[in-house]
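Visitor: Take a look at this one; I'll ask things after.
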Number of protein chains: 2
Amino acid sequence: MVTGVRISARYRHTLAPDPAKAKKGRDSNPRTDVNLRKKPAAALQTKAASAEPKRKKSTINDIARMANVSKKTVSRVINDSPFVKEETRLKISTIIRELGFAPDPQARGLAFRRSFLIGMIFDNPTAQYIVNMQQGILDAMRGTSFELVIRPCDRTAPTFLADMRHFIERQKLFGVILTPSVSEDDRLVKLLHELDCPYVRIAAVSLDTPATMVVTHDVSGAADAARHLADLGHKLIAHISGPATFRSAHERRRGFADGLAERGLKLARHYDREGGYTFESGIAAGTELLSLKPRPTAIFTGNDEMAAGVYKAARDLGLEIPRDVSVVGFDDSPVASRMWPLLTSVRLPIRDMGRMAAEKLFHRRTEKRAQNDDATDVIPTLVVRESTDKPPVT
Amino acid sequence: MVTGVRISARYRHTLAPDPAKAKKGRDSNPRTDVNLRKKPAAALQTKAASAEPKRKKSTINDIARMANVSKKTVSRVINDSPFVKEETRLKISTIIRELGFAPDPQARGLAFRRSFLIGMIFDNPTAQYIVNMQQGILDAMRGTSFELVIRPCDRTAPTFLADMRHFIERQKLFGVILTPSVSEDDRLVKLLHELDCPYVRIAAVSLDTPATMVVTHDVSGAADAARHLADLGHKLIAHISGPATFRSAHERRRGFADGLAERGLKLARHYDREGGYTFESGIAAGTELLSLKPRPTAIFTGNDEMAAGVYKAARDLGLEIPRDVSVVGFDDSPVASRMWPLLTSVRLPIRDMGRMAAEKLFHRRTEKRAQNDDATDVIPTLVVRESTDKPPVT
DNA sequence: CTGAAAGCGCTTACAG
DNA sequence: CTGAAAGCGCTTACAG
């Protein structure tokens, strides 16, 4: 298939090593393979080029020459400058299209003093959340010249801020998108301002100027869950929240309590436990709650993982869902529809949220421009499945 | 907190628009905000700089001046060239460390004609797989000057190859990591050779020169599953495979059949169905298999998602797991330990695989160098839980 | 509306 | 072992 020449070139490539390790300094230097490319065309032709005429990628200079203009004018067209005669623009953009020319992002970035990379910074451990969010951001980036660089983090780590500074400064990120709970970290946001790096935060409550926020109204979704349970006739209703370090945990509790209040019910202190958004914490809190007298007939958990834990706790105690106890989760993750019985849960359109966050960052100057200065609001919806029913008759 | 000056600068930033849309050409040009930065320091000082002395980032020139050498020599140190006197190196690297200097990846990339971006190209729909893989790759990248750019794809799309070419060529990727099933696509690999882009493929079988492969021996894991079921006493054993377009589907079937053969059993034709690696296909194939006479007493599925489908099928048919039928999955995804009963499954160390793939790509020139020319082998392990037991007595 | 010059921060190619 | 010059492919700052 592929010729020997090329393959060996590939494998001879040497890693340009980490500058951080410069002290060690052994090893060869990276000029190894590049010569090959510069050899007179004949060298390649011999074995390889028969396959495809390895056309060298064209540059802004080629376009300029072909269009009989300066490269600055080509640059203007690339950057949508209004100061180009329509005729000139047309001529240039035609050539650009025909050649399939695309400007080099590195060169552009170097001159712009800003890269074409969008960073996604996250610390949410739920795989599905992360992947959906990535997909949404990529949806918005499709057809642009941006690429998505991902960055998990641990905001409790001592080097957290230093790492972030390094990352953002060095890559000269065009902008970053922050998801919960790192989106709630004001130290990071302060750093972002200092580094002059645009950002959009996704959070359960507005924490910043509207133009930088995608707000998921967890309050509203949790209230729906509360009304649903109340309307089924439940009175003894418990809650397992996420950890206090997550704003969403508070918002969901608040919304749930509000929803109950609307129906004349209240969230009793001893029916309200703090979990950790994990399966295990759901088992623990679920076991405690279900051992109480009187036993709650319904439990709302801050996410689906903990709901799965409650399922396990119930089974271990010989209780059946929803006959003995109803359960409502939050997230509507894939597990929700793999569990048995299928879990009633509050759904957030994660992928859409990612897309909206990226669009905000790009600050598209279209008719939607005005809207971009407002916060973007996301309303969760309750998905009723099999895990909720009337309370047991006693 | 943050000063008005900076904030407004941030929001005034204009998106450098997509060159692809250059034809449209309306709108303003992006020189808007840059002036602000160039304003005499006083402008910033007025309100802001009191916080921290906004030190301009140092460049290779600063280092050179301070060390009394040419910038070429600094460059040599950065790139670990052996042609630097130890004393010179020491002096330079000390200064580098003290200033916290890190070379600009864009400038370096432009000169190198290759970026410092690693691409992860994937089409696997399982969120947990993707996230674990990303984590592993990032594990290997920590402390290097590389960043991870992600790229989901659909290799059945008509523009697939063109998109990939565009992506790789334009970003001048340092290298890419391919996960199943796109890792099995020879057209893509051919393109990678043509573009002279290093890669590592993760797949269930060696498809390429060893130095480019991380091979997961799915055969071995599936054989373990077969032996486990045979040793429990099962004779009527069924299989639901992944789609024929995935190599892993064939490997898992083959391994399973091999394992059965070792125990004097064989995988009967009518007990062998093709699924689609999805929950729904697991339900469909599971329902069919469990309606057969004689009914199989055990089912091995090509992944956990389909096992979850079999769970549902069994419940709908009034069958109990593992009393009436044993089930073994593959992947050991989080659902496996959220399901009830807990699913016996074959585990692949995805995160480690990601790390190993990235390390191969970096081709670390350490003592491990020799090993890097061999394929990297990954052996799955069977995790026995609650979904497998002796067959029902009839 | 357009262009010539200088520069972004690095590395290559060449010379010593 | 070290350096001066040229260049990577773009954009900015300035001039017209």
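Visitor: Exactly one of these conditions fails for A:Met133: (1) modelled with pLDDT of 95 or more; (2) more than 21 Å from A:Val189 (Cβ to Cβ); (3) in contact with a Ser or Thr (Cβ under 8 Å, 6 or more places away or on another chain). Give me its number.
Guide: Of the numbered conditions (1) modelled with pLDDT of 95 or more; (2) more than 21 Å from A:Val189 (Cβ to Cβ); (3) in contact with a Ser or Thr (Cβ under 8 Å, 6 or more places away or on another chain), the odd one out for A:Met133 is (2).
Visitor: Would you call B:Arg142 without any contact (Cβ under 8 Å) to a residue 60 or more places away in the chain and either among the hydroxyl-bearing types (Ser, Thr, Tyr) or under 30 Å from A:His166 (Cβ atoms) (or both)? Working first, answer last.
Guide: Details: without any contact (Cβ under 8 Å) to a residue 60 or more places away in the chain: yes; either among the hydroxyl-bearing types (Ser, Thr, Tyr) or under 30 Å from A:His166 (Cβ atoms) (or both): yes.
When the stated conditions are applied, B:Arg142 passes them.
Visitor: What tally of residues in the range B:151-190 results from selecting those that are in a helix (DSSP H, G or I) and either more than 20 Å from B:Ile137 (Cβ to Cβ) or open to solvent by 20 Å² or more (accessible area, probe 1.4 Å) (or both)? Quick ask: steps written out before the conclusion?
Guide: Kept after step one, since they are in a helix (DSSP H, G or I), are these residues of the range B:151-190: B:160-171, B:182-184, B:186-190.
Filter once more, keeping what is either more than 20 Å from B:Ile137 (Cβ to Cβ) or open to solvent by 20 Å² or more (accessible area, probe 1.4 Å) (or both): B:160-163, B:165-166, B:169-170, B:184, B:186-187, B:190.
Count: 12.
Visitor: Checking the condition touching a Ser or Thr at 6+ places or on another chain (Cβ under 7 Å) and surrounded by fewer than 20 Cβ atoms within 10 Å (Cβ to Cβ), which residue from A:Ala313, A:Ala307, A:Ala375 passes? Outline the logic, then answer.
Guide: Working: A:Ala313 fails: surrounded by fewer than 20 Cβ atoms within 10 Å (Cβ to Cβ); A:Ala307 fails: surrounded by fewer than 20 Cβ atoms within 10 Å (Cβ to Cβ).
Every option except A:Ala375 fails the conditions.
Visitor: Can you name every residue in the range A:152-175 that is within 12 Å of chain B (Cβ to nearest Cβ) and β-branched (Val, Ile, Thr)?
Guide: Those that are within 12 Å of chain B (Cβ to nearest Cβ) and β-branched (Val, Ile, Thr): A:Thr159, A:Ile168.
Visitor: From the list A:Ala107, A:Ala64, A:Ala102, which one is more than 7 Å from every other protein chain (Cβ to nearest Cβ), within 16 Å of DNA strand D (Cβ to nearest atom) and more than 30 Å from B:Gln128 (Cβ to Cβ)?
Guide: Working: A:Ala107 fails: more than 7 Å from every other protein chain (Cβ to nearest Cβ); A:Ala102 fails: more than 7 Å from every other protein chain (Cβ to nearest Cβ).
Answer to the selection: A:Ala64.
Visitor: So, in the range B:62-121, of the ones that are part of a helix (DSSP H, G or I), open to solvent by 60 Å² or more (accessible area, probe 1.4 Å) and away from DNA strand C (no atom under 12 Å from the Cβ), which residue ends up nearest to B:Phe146 (Cα to Cα)?
Guide: Among those residues, the one meeting the criterion is B:Arg97.
Visitor: Keeping to the range A:292-318, report how many residues are assigned to a loop (DSSP other than H, G, I, E, B) and either among the aromatic types (Phe, Trp, Tyr) or farther than 15 Å from A:Lys390 by Cα (or both). Spell out how you get there, then give the answer.
Guide: Residues of the range A:292-318 assigned to a loop (DSSP other than H, G, I, E, B): A:292-297, A:302-303, A:317-318.
Within this subset, residues satisfying the condition of being either among the aromatic types (Phe, Trp, Tyr) or farther than 15 Å from A:Lys390 by Cα (or both) are A:292-294, A:302-303, A:317-318.
Summing the residues that are assigned to a loop (DSSP other than H, G, I, E, B) and either among the aromatic types (Phe, Trp, Tyr) or farther than 15 Å from A:Lys390 by Cα (or both) in the range A:292-318 gives 7.
Visitor: Before we move on, is B:Asn124 assigned to a loop (DSSP other than H, G, I, E, B) and either more than 7 Å from chain A (Cβ to nearest Cβ) or over 22 Å from B:Arg108 (Cα atoms) (or both)? Can you show your working first?
Guide: On the way: assigned to a loop (DSSP other than H, G, I, E, B): yes; either more than 7 Å from chain A (Cβ to nearest Cβ) or over 22 Å from B:Arg108 (Cα atoms) (or both): yes.
Yes; evaluated as a whole, the condition is true for this residue.
Visitor: Could I ask something else about it? For the range A:295-308, indicate whether the set of residues that are of a type in the set (D, E, K, R), assigned by TED's automatic domain parsing to the domain that holds A:Pro180 and under 24 Å from A:Ile130 (Cβ atoms) is non-empty. If you could, list the steps in order and put the result at the bottom.
Guide: Restricting attention to the range A:295-308, the residues satisfying the condition of being of a type in the set (D, E, K, R) are A:295, A:304-305.
This time we only want the ones that are assigned by TED's automatic domain parsing to the domain that holds A:Pro180, so: A:295, A:304-305.
Restricting the remaining residues to those that are under 24 Å from A:Ile130 (Cβ atoms) gives A:304-305.
Within the range A:295-308, one or more residues are of a type in the set (D, E, K, R), assigned by TED's automatic domain parsing to the domain that holds A:Pro180 and under 24 Å from A:Ile130 (Cβ atoms).
Visitor: Could you grab the pairs with beta carbons closer than 7 Å, sequence gap of 6+ or different chains, first residue in the range A:237-253 and more than 17 Å from A:Leu290 (Cβ to Cβ), second one in a strand (DSSP E or B)?
Guide: Sorted first by the residue in the range A:237-253, then by its partner, the pairs are A:Pro243/A:Glu274; A:Ala244/A:Glu274; A:Arg247/A:Ala203; A:Ala249/A:Ser241; A:Arg252/A:Ser241; A:Arg252/A:Phe330; A:Arg253/A:His239; A:Arg253/A:Ser241.
Visitor: Further question on the same structure: Got a sec? Which of B:Asp196, B:Asp185, B:Asp218 is in contact with a strand residue (DSSP E or B) (Cβ under 9 Å, 6 or more places away or on another chain) and either among the basic types (Lys, Arg) or over 21 Å from B:Leu382 (Cβ atoms) (or both)? Before you say what the answer is, go through the steps one by one.
Guide: Details: B:Asp196 fails: in contact with a strand residue (DSSP E or B) (Cβ under 9 Å, 6 or more places away or on another chain); B:Asp218 fails: either among the basic types (Lys, Arg) or over 21 Å from B:Leu382 (Cβ atoms) (or both).
Within the list B:Asp196, B:Asp185, B:Asp218, the selection yields B:Asp185.
Visitor: Mind listing whichever residues of the range B:58-96 are under 23 Å from A:Lys172 (Cβ atoms) and of a type in the set (S, T, N, Q)?
Guide: The answer is B:Ser58, B:Thr59, B:Asn61, B:Ser75, B:Asn79.
Visitor: Name every residue in the range A:225-262 that is crowded, with 21+ Cβ neighbours inside 10 Å and not small (Gly, Ala, Ser), in order of residue number.
Guide: First, the residues of the range A:225-262 that are crowded, with 21+ Cβ neighbours inside 10 Å: A:225-226, A:229, A:234, A:237-242, A:246, A:248-249, A:251-253, A:255-256, A:259-260.
Within the range A:225-262, A:Leu229, A:His234, A:Ile237, A:His239, A:Ile240, A:Phe246, A:Glu251, A:Arg252, A:Arg253, A:Phe256, A:Leu260 meet the criteria.
Visitor: From the list B:Ile350, B:Ile321, exactly one residue is within 21 Å of A:Phe279 (Cβ to Cβ), within 12 Å of chain A (Cβ to nearest Cβ), β-branched (Val, Ile, Thr) and in contact with a Pro (Cβ under 9 Å, 6 or more places away or on another chain). Which is it? Steps first, please.
Guide: Working: B:Ile350 fails: in contact with a Pro (Cβ under 9 Å, 6 or more places away or on another chain).
None of the other options fit; the residue is B:Ile321.
Visitor: Related question: So A:Pro125 passes all but one of these: (1) in contact with a Cys (Cβ under 7 Å, 6 or more places away or on another chain); (2) surrounded by fewer than 16 Cβ atoms within 10 Å (Cβ to Cβ). Which condition number does it fail?
Guide: Evaluating A:Pro125 over (1) in contact with a Cys (Cβ under 7 Å, 6 or more places away or on another chain); (2) surrounded by fewer than 16 Cβ atoms within 10 Å (Cβ to Cβ) leaves (1) as the failure.
Visitor: For the range A:263-288, enumerate the residues that are open to solvent by 40 Å² or more (accessible area, probe 1.4 Å), polar (S, T, N, Q) and closer than 20 Å to A:Thr126 by Cβ.
Guide: If the condition is that a residue be open to solvent by 40 Å² or more (accessible area, probe 1.4 Å), polar (S, T, N, Q) and closer than 20 Å to A:Thr126 by Cβ, then A:Thr278 is the only one that fits.
The values are calculated or read from the model by the stated rules, or taken from the named source; none is laboratory data. Being a predicted model, the structure only gives us computed values, none of them experimental. So basically every Cβ, Gly included, is an ideal-geometry build from the backbone, and we count neighbours across all protein chains shown. Accessible surface is based on the protein model in full, side chains and every heavy atom, while ligands, DNA and RNA are left aside. Shrake-Rupley method; radii C 1.70, N 1.55, O 1.52, S 1.80 Å.
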